[in-house]
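The values are calculated or read from the model by the stated rules, or taken from the named source; none is laboratory data. This is a predicted model, so every value here is computed, not measured. Glycine also receives a Cβ, built like all others from the backbone with ideal geometry; neighbour counts cover every protein chain displayed. The area values use the complete protein model at the heavy-atom level, side chains included, leaving out ligands, DNA and RNA. Shrake-Rupley method; radii C 1.70, N 1.55, O 1.52, S 1.80 Å.
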Amino acid sequence: KMSSGAADLRQRKKQNDPDSDKMATDESNKENSKLGKSPKYVLVQRFAKLFFGCLAAVTSGMMYAVYLSTYHERKFWFSSRQELEREITFQGDSAIYYSFYKELLKAPSFERGVYELTHNNRTVSLKTINAFQQMTLYPELIASVLYQASGSEEVIEPVYFYIGIVFGLQGIYVTALFVTSWVMSGTWLAGMVTVAWFIINRTDTTRIDYSIPSRENWALPYFACQVAALTGYLKKNLNCSAEKFCYLLVSASTYTFMMMWEYSHYLLFIQAVSLFLLDSFALAQTEKVHEVYKIYLLSIFSGYLLQFENSALLVSPLLSLVGALMLSKCLQMNMRKGTFMSRLLKIMYIYLVLTVTVTLNFLLKMFIPHKENEHLLKFLEVKLGLNTTKNFTMNWLLCQESLQAPSQDFFLRLTQSSLLPFYILVLIICLFSVTQVIFRRMCGEPLKETVKLEDGRIGERPEIVYHVIHTILLGSLAMCLEGMKYLWTPYVCMLAAFGVCSPELWMTLFKWLRLKAVHPILLALILSMAVPTIIGFSLWKEFFPRIMTELSELQEFYDPDTVELMTWIKRQAPVAAVFAGSPQLMGVIKLCTGWMVSSLPTYNDDDLLKRNENIYQIYSKRSAEDIYKILTSYKANFLIIEDSICNEVGPVRGCRVKDLLDIANGHVVCEEGDSYAYSKHGRFCHEIKMNYSPYVNYFTRVYWNRSYFVYRINTVISFQS
C-alpha cells in the first residue's frame with residue numbers, strides 16, 4: 001500500500017478530536033465574518049437548504065411510488081378484476097412468492113405459518129422443502145406480519161397491501177439515489193436530475209413492471225440506502241455525529257439487504273472489491289474501510305444463522321475476500337515499519353490479497369458441504385467459452401434474454417435520453433483526475449485534508465473514487481449480461497447527474513484547459529446550474545408527454561384461457577391431485593388453486609432443476625412410455641400441454657424449448673453446417689393430441705381450450721390397438 005496505517009490513524013484522530021472540530025468551527029466563523037455573514041445567518045441558510053432538499057427527496061420518492069401504482073392499475077385494470085384474474089398477473093417465480101404470502105395469512109398462528117413453510121410438503125410432490133431457506137421468504141414474512149399487526153384486514157385487500165409495500169420500497173430506492181447524488185454534488189438539483197433520468201429510463205433501471213414480487217425489487221432499495229450511507233461515511237472532514245449515523249445506517253441496510261436476496265453477497269462482493277481498490281491506492285481512510293469490512297462479516301454470520309445455516313454464505317467470495325483483507329492488515333500491523341519485508345508487502349499487497357482470497361475460498365469449499373449455485377459456475381464456463389455442453393438447463397439459461405449481451409437498443413435508449421453521453425463525459429473526467437491523484441501518491445505527495453473548489457481535484461474525494469470504481473465494475477458485467485443493467489443503470493443516472501451539477505467537476509476540467517478569458521470558478525458555478533437546467537427542460541419537453549400518455553392510456557391484460565384452466569382445476573380436479581407441466585405454469589397453478597405441482601420455477605436447487613428438465617420432456621421426441629414413466633415417478637396425476645411451447649416459433653432458432661431438448665437428447669444430427677432432426681418417435685406434445693395408441697393407453701384428455709390441453713395420467717393401462 002502507498003500510505004502507512006499510522007498516517008491514516010493520525011488523520012482519523014484529528015478528525016474525531018473535539019479540539020480540532022472546535023478550531024474548524026472557529027475558522028469557519030472567521031471566514032463567514034470576513035464575508036459579512038453572521039453565524040446565525042449561515043445556520044439558517046444551511047437549515048433551509050437541508051429542509052428543502054429533504055422535502056424534494058421525499059416528494060420524489062412518493063411521487064414515483066404513486067406513478068408506479070397508477071401505471072400498474074392502468075395496465076392490469078386491477079381494481080375491476082376478480083381475485084383469480086389478479087393472481088394470474090403474477091407469473092413464474094413471482095407467483096410462488098405471492099402464494100407463500102397467502103399461506104402465511106391463512107395460517108391459524110404466526111408460529112404455525114412459519115413451521116409449515118420451513119417443513120413444506122404441500123407444494124412439490126415427493127419433496128419436503130424449507131421454503132424460507134430455498135426461496136428467501138423474509139419479505140413475505142415481514143409483509144404478512146405487518147398486514148395482520150396493523151389491522152389492515154378490514155381496510156385493504158392483501159394483494160394491494162403487498163404490492164403497495166413493494167411500490168413504497170421503490171420510492172425509497174429513488175429517494176436513496178436522490179440523496180446519494182445530493183451528498184456527492186452538494187446540491188439537491190442533482191437529485192432531481194437523477195430521478196428524472198431514472199424514471200425516463202425505467203425500462204432499463206428496474207424490472208418492477210414485469211415481476212413485482214421478485215427478490216431484487218425487495219432488496220435493491222436497501223442496497224441503495226446502504227450506498228447512500230456509505231457515500232456519506234467515506235467523506236472527509238465528517239463530524240463525529242454524522243459519521244456515527246452513516247455507520248449505523250450502513251450496518252442496518254447491509255444486514256437487511258443480505259436477508260432479502262439470495263444473491264446479495266455477490267453484489268456486496270463487487271462493492272468490497274471497489275473499497276479494496278480504493279484503500280489499496282491510499283485514497284480513503286484505512287480505518288473506515290476496515291470498519292465496513294467488519295460490517296460485512298457481521299452480516300454474513302448473522303445471515304448464516306437466520307437463514308437456517310445457509311452454507312452458501314460461508315463459501316461466498318465476499319467472506320473469502322474480507323478474510324484475506326483482515327489477514328493482510330494483521331500482517332502489516334505486526335511487521336516493523338521501514339524493513340525490507342514491510343516495503344515488499346506494500347508492493348505485493350494486491351497480489352497477496354487476491355492469492356489469499358482464492359486460496360481461502362478453495363479451502364472453505366473443500367471443508368464446508370455446500371450445493372450453492374454449482375450450475376452458475378458451469379454456466380460461466382460455457383458463457384466464457386471455456387467449455388461446451390449439450391445440457392438442457394445450461395443451454396436454456398444461455399438462451400435467456402437477461403443472460404445475453406445487451407442489445408443496441410439499450411444503448412440507443414440511454415443516448416436518446418442524453419444519459420449515456422453525460423455519463424461518459426463525467427466518467428472520463430473523474431478517471432483522469434483519479435489517475436493524477438494516484439500518480440501523485442506514488443510520488444509521495446500527501447492528499448489534501450480539505451479539497452477546495454479552486455483546487456480542481458475531484459479525484460481526491462474518496463466517495464467519488466468509490467463510485468467511479470463501482471460503476472466501472474458493474475458496467476463491465478452489464479456489457480456481458482443484459483440482466484445486470486438493472487444494477488448498473490440506476491448508478492449511471494446518479495453519477496451522471498452528480499457530475500453535471502458539481503462545480504468541482506467543471507473546475508477540474510477547466511484546470512486542465514487552463515482557461516484565462518473567463519474566471520474558471522465563476523464559469524464552473526454557472527455551468528453547474530445551467531447544464532442541469534437545460535437537461536431538465538429538454539427532458540420535460542420530450543418525455544413528460546409520453547409519461548402522461550402512459551398513465552392515461554388504458555391497457556388490457558386479460559388471459560381468458562388461463563382463467564378457464566384455473567377455474568376447471570378448482571372445480572373438477574381432486575384435492576389431492578398433482579399437476580405436471582412447464583415450471584412457469586406450475587407456479588401460477590400453485591398460487592391460483594393451491595394444488596400440488598411436480599416442479600417449480602426456481603433455479604437455485606439441483607433437484608428442482610433436474611425435475612424441470614425431466615418434465616420438459618413432454619415437448620421432446622420421446623415415446624409415450626418414457627414420458628409416462630417420468631411423470632409417474634413424481635406421482636403426477638394430470639399433465640398440461642401448452643400450445644405456445646409445443647408450437648413455439650422463436651426469434652432465435654436453437655433457443656426454443658423443443659430445440660434445446662432435441663440437442664440434449666441427441667435427436668439432432670449436424671452435417672456440413674446444417675442440422676437435421678432425427679428420432680423414431682414423433683414430438684410427444686403433437687402426437688398425444690392425435691388420440692391414437694399407444695398415447696391413449698397412458699393418457700386420457702379431460703379438458704382443453706385454445707391454449708391448454710389437460711390429460712389425466714392413467715393408473716391402469718389398457719393396451720389396445
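Things to note:
- Taking a sphere under 15 Å around the Cβ of Thr118 and counting the other residues whose Cβ falls inside, with K and R at +1 and D and E at -1, yields a net charge of -2.
- Sparse packing (at most 14 other Cβ atoms within 10 Å of the Cβ) combined with a DSSP loop state is found for the following trypsin sites (Lys or Arg not before Pro) in segment 422-464: Lys448, Lys452.
- Computed extension gain for Ala530 through Phe411, at 0.36 nm per residue and net of the alpha carbon distance, reaches 40.3 nm.
- Within segment 564-653, the GluC sites (Glu not before Pro) that combine a DSSP coil assignment with at most 15 other C-beta atoms in a 10 angstrom radius are Glu648.
- Contact order, relative form, for segment 55-165: 17 percent (alpha carbon pairs under 8 Å, 6 or more residues apart, mean separation divided by residue count).
- Averaging the sequence gap over all C-alpha pairs within less than 8 Å and six or more residues apart, then dividing by the number of residues, gives segment 109-148 a relative contact order of 28 percent.
- Helix-only mean residue ellipticity at 222 nm for the chain, each DSSP H run of n ≥ 4 adding -39500 (n - 2.57), per residue, nearest 500: -21000 deg cm²/dmol
- Spacing of the two label points (7 Å from each Cα toward its C-beta) at Glu550 and Leu306, in nm: 3.3 nm
- Remark on Phe699: its backbone amide H falls under 5 Å from those of Asn714, a criterion applied only to residues 5 or more positions apart or on other chains, H modelled at 1.01 Å from N.
- A P(r) calculated from all alpha carbon pairs of segment 406-517, with 5 Å bins opening at zero, reads 2, 11, 20, 22, 16, 12, 9, 5, 2, 0 percent.
- Full-stretch length increase - Leu377, Ser476 - with 0.36 nm per residue and alpha-carbon distance subtracted: 33.8 nm
- Fully extending the segment from Lys689 to Glu564 would add 43.0 nm, taking 0.36 nm per residue of separation and subtracting the current Cα-Cα distance.
- In terms of distances greater than 30 angstrom between alpha carbons, the cross-link table entries Lys378/Lys570; Lys102/Lys658; Lys106/Lys365; Lys106/Lys485; Lys49/Lys244 yield Lys378/Lys570; Lys102/Lys658; Lys106/Lys365; Lys106/Lys485.
- Highest mean packing comes first when the peptides 411-419, 274-282 are listed by Cβ atoms within 10 Å, giving 274-282, 411-419.
- Contact order normalised by residue count of the chain, Cα under 8 Å, 6+ apart, percent: 16 percent
- Size-normalised alpha-carbon gyration radius of the chain, reference 2.2 N^0.38 Å: 1.08
- With the highest mean first, a sort of the peptides 227-239, 701-713, 148-160 on other beta-carbon atoms found within 10 angstrom per residue produces 227-239, 701-713, 148-160.
- Carbon and sulfur %, accessible surface of the chain computed with the full protein complex present, 1.4 Å: 62 percent
- Rounded tilt (10° steps) of 624-633 against the dominant C-alpha axis of the chain: 60 degrees
- On the basis of the beta-carbon distance and an R0 of 51 Å, Glu291 and Val518 show a calculated FRET efficiency of 0.75.
- Quotient of Cα Rg and 2.2 N^0.38 Å for segment 55-165, N being how many residues it contains: 1.20
- Probe 1.4 Å, accessible area per residue of the chain, Å²: 47 Å²
- For segment 184-311, diffusion coefficient by Stokes-Einstein and Kirkwood Rh (Cα), 4 °C, 1.567 mPa s, µm²/s: 80 µm²/s
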